[in-house]
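Take a look at the structure below.
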């Protein structure tokens, strides 16, 4: 689940100073393995900031605490800020007992600090001091972002005290829009089922299910309530309807098997602590999706404080840290998913891709091969293996893996288009164009007009001087669907170039560069178009920019040669002969092959709809847009309460990603979408196909 630069998560303190928002600086592309060991208090403070800026939460907490304990910071305001930074770093690193201690110190400084009161409220809830928990949570009920979770968490304090009816009344008193009503009825339904009030539970969960039948957590809770209410056949209908849309979803599959085996079916949650944890996980997943990684980390950590083995929280947090370029932390979290969870296998598959991110590729490959050896029909593991080979440009092995996936699929459906697409890319790289072309055509047969496939096949045809008109039409269709995708716009410009339409090529390639300014291939293409248009000085500048963007070694050599000698003045390729195209296998690749690993995970994987996206998490400094660094001292906008995510859902296994342009209901649980165009690298760099999304629906 890769994202680019995001900002770090360090001073919820400044959240105190600047509002109720946590603050987020920019995510660094690299992980700190072990920061330098400072010998002074000021050095510890700087080291803490450095660690926080790359989301190395463990070291940030350690350095801030060391700086604070030095006694060097006499200024009261400075000590307060450092206390807050230490508190947030401890919280995001998962050192909850220490975070609780610091929360008390923060409240002594700022009696209304919402994050500190939230932590103290969760501590009281964990200790079954339900009255104190409500009192602490009362400080957070009207705070942006926190109000997405804390009012419902507060209702669970009544359930924990055996006062379920009071909890239901408190839930009903929470004002809400339609989206929040789904979430509210889901929570209240679980509470009622836990208390044995089955008819009322079924009514609430039925309402939530009618509003969102694609959220696996709702499906799971509703089916359980139906079975417990003596309606086993109705429960199976609900589950099988879901399975028809999302095959192989592990939580649903396990529940179906248990029901058919006549096993006793328990409620979705069995304690107030577990119910509150589920609320925290759902909101964490939602705001992470919309860019609020700082708050997401806090909510995930608090959920794990209440329920350490919550598979949803472990996997959701692991995926978030993976997105934030902290694969070491992700690896630990994936390993901590309990063996008893239906999602353990999914976590093992994601662990393998995380090992690859840590440059432990052989270990990751061996891990996946072990899973596949145990079950040769495990499509998710096979696709993930192919993805690792693609990422590492081991094209022969990738083609073998995706061929194995095709064999397992048997009769393909629309959802399987991406498996053929990625195998086509692998074949094209090993110069087996007829096979590649057949796979691209098969992908289009399964999913007509899929933009990534249209772009790749259309570009390849034009680049080889064949099917020129049809290829151009394909690329134009792709651009119509994704007009702001720099890679696809580049393909259109390059197609113009190959057809000798240099003015049109310059126009499109300039726009492509504006959309993807750091892509070496697109800059190289624009340089070529400038040269052919007689704008040789601009061409040289653009080639230099392409070199600065670090192209592949073979492309670098070609660009350097053009910088030295210019381009040969050959006739335009208006007759269908690409003026520079050599053999098909040597032709430039489209700058658009999506990264399978970045394909959106199945919507059922607990990523609540419309919730804020994930920036980063070591410093609660403002939630920022993941793609751009933000000013660490500037508060960011907080998500609107109306954008509450739906209950966190366990993702279905990594199926061949579903097309990104296909309409999907918010938070639906359908198969993974095709890679996002804006994140897709050029075909020469496709990465791993979407590993199975794994959040546990609770």
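With neighbour counts taken as other beta-carbon atoms within 10 Å, the residues 204, 544 rank, fewest first, as 544, 204. Residue separation of residue 172 and residue 548 scaled by 0.36 nm, minus their Cα-Cα distance, works out to 129.5 nm of gained length.
May I have the convex hull volume per residue, in Å³, for the Cα set of region 138-181?
Given the Cα convex hull of region 138-181, per-residue volume reads 68 Å³.
Just so you know, the Rg over Rh for region 190-251 is 0.96, from Cα atoms, with Rh as the Kirkwood radius. By the count of neighbouring beta-carbon atoms within 10 Å, fewest first, 494, 461 end up ordered 461, 494. Semi-axes of the equivalent ellipsoid for region 215-318, computed as √(5λ) from the eigenvalues of its C-alpha gyration tensor and ordered from largest down, come to 28, 15, 11 Å. Cα-based values for region 438-548, radius of gyration first and Dmax second, are 13.9, 46 Å. Here the alpha carbons of region 375-512 define both size measures, Rg and Dmax, at 15.8, 55 Å.
For 473, 437, the sequence from fewest to most other C-beta atoms within 10 Å is 473, 437. Residues of region 82-99 with the amide nitrogen closer than 19 Å to a label point 7 Å from the Cα of residue 132, along Cα-to-Cβ, please. Within reach of a label on residue 132: 96-99. In this simple spin-label model, placing a label point 7 Å from the Cα along the Cα-to-Cβ direction at both residue 558 and residue 392 gives a separation of 2.6 nm.
All of the numbers you see were taken from the coordinates with simple rules; none came from a lab. What you see is a predicted model; the values in this text were computed from it and never measured. Here Cβ is always computed from backbone atoms with ideal geometry, including for glycine, and neighbour counts include all displayed protein chains.
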